[in-house]
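Please read the structure below before turning to the comments.
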Amino acid sequence: DIQMTQSPSSLSASVGDRVTITCRASQGISNYLAWYQQKPGKAPNLLIYGASTLQSGVPARFSGSGSGTDFTLTISSLQPEDVATYFCQKYNNVPITFGQGTRLEIK
Amino acid sequence: EVQLLESGGTLVQPGGSLRLSCAATGFTFGKYAMSWVRQAPGKGLEWVATLSSGSGTVYYADSVKGRFTISRDNSANTLYLQMNSLRAEDTAVYYCAKDPYQISVDWFDPWGQGTLVTVSS
């Protein structure tokens with residue numbers, strides 16, 4: 001099975017900072033990657049699919065890039081409401097797998 | 001507005017069975033594949049199963065294969081997960097989620113609010 005590894009596991013940043021989260025696949029997955037945001041006590045919310053396509057309604061400060069094995073999620077200017085855990089997900093085949101998550105806090 | 005509402009989660013003994021339901025509204029349910037994803041307390045996300053729109057194609061995670069059965073009733077706009085031979089490690093919040101296509105291994109959007117299954121004696 002393809003393993004998805006996110007880094008860092010947690011990070012703390014200030015409002016207005018540019019934040020980058022990375023996700024690495026153990027094998028190439030082309031651009032079959034999605035990113036989710038999960039706030040405490042809530043269900044995950046889709047941010048990006050196809051590695052770089054922003055889901056409708058998601059703020060433009062979120063962006064995704066990458067292909068093959070290395071991917072990034074970037075928040076261009078961190079806002080207080082972005083406090084959450086972020087997960088990547090690969091879907092090139094089954095089993096579908098997720099990264100372990102990155103917890104983002106405000107400094 | 002697309003809405004998914006899970007139900008059926010409860011406390012069950014190891015070895016027991018449980019059926020979860022997911023009621024869908026706001027879209028043509030019968031045109032989309034649907035999935036279950038779970039999250040153990042304080043842990044990450046684990047895909048469980050995916051069922052195509054017409055129930056002809058099904059995928060399971062190895063961890064549940066042979067014990068769980070995903071099904072759907074398109075006339076009732078409802079997705080199900082029959083869970084047998086439950087183990088402590090099946091304890092989790094179970095989410096149902098909509099796939100973007102009829103037969104797909106894809107992203108999930110949206111997700112329901114989840115239902116908690118606790119397996120314990």
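The values are calculated or read from the model by the stated rules, or taken from the named source; none is laboratory data. Just so we're clear, the structure is a prediction, and the values are computed from it rather than from any experiment. Quick reminder, even Gly has a Cβ in these numbers, built from the backbone with ideal geometry, and neighbours come from all protein chains shown.
Cβ contacts < 7 Å: first residue hydroxyl-bearing (Ser, Thr, Tyr), restricted to the range B:10-25; second residue in a loop (DSSP other than H, G, I, E, B), any location; separation 6+ or different chain. Result?
From the range B:10-25, the pairs are B:17/B:84; B:17/B:86; B:21/B:8; B:25/B:77.
Which of the residues spanning the range A:92-107 are within 14 Å of chain B (Cβ to nearest Cβ) and either closer than 18 Å to residue A:39 by Cβ or surrounded by fewer than 21 Cβ atoms within 10 Å (Cβ to Cβ) (or both)?
A:92, A:93, A:94, A:95, A:98, A:99, A:100, A:101, A:102, A:103
State all residues of the range B:41-62 that are surrounded by fewer than 20 Cβ atoms within 10 Å (Cβ to Cβ), more than 9 Å from chain A (Cβ to nearest Cβ) and not aliphatic (A, V, I, L, M); if no residue qualifies, say none.
If the condition is that a residue be surrounded by fewer than 20 Cβ atoms within 10 Å (Cβ to Cβ), more than 9 Å from chain A (Cβ to nearest Cβ) and not aliphatic (A, V, I, L, M), then B:41, B:42, B:52, B:54, B:55, B:56, B:57 are the ones that fit.
Would a scan of the range A:79-88 turn up a residue that is surrounded by 14 or more Cβ atoms within 10 Å (Cβ to Cβ), modelled with pLDDT of 95 or more and assigned to a helix (DSSP H, G or I)?
Yes; the residues of the range A:79-88 include at least one that is surrounded by 14 or more Cβ atoms within 10 Å (Cβ to Cβ), modelled with pLDDT of 95 or more and assigned to a helix (DSSP H, G or I).
Among (1) within 12 Å of another protein chain (Cβ to nearest Cβ); (2) crowded, with 20+ Cβ neighbours inside 10 Å; (3) modelled with pLDDT of 95 or more; (4) within 24 Å of residue A:92 (Cβ to Cβ), which single condition is residue B:105 missing?
Unmet condition: (3).
Mind listing whichever residues of the range A:65-78 are assigned to a strand (DSSP E or B), of a type in the set (S, T, N, Q) and within 28 Å of residue B:103 (Cα to Cα)?
A:65, A:67, A:72
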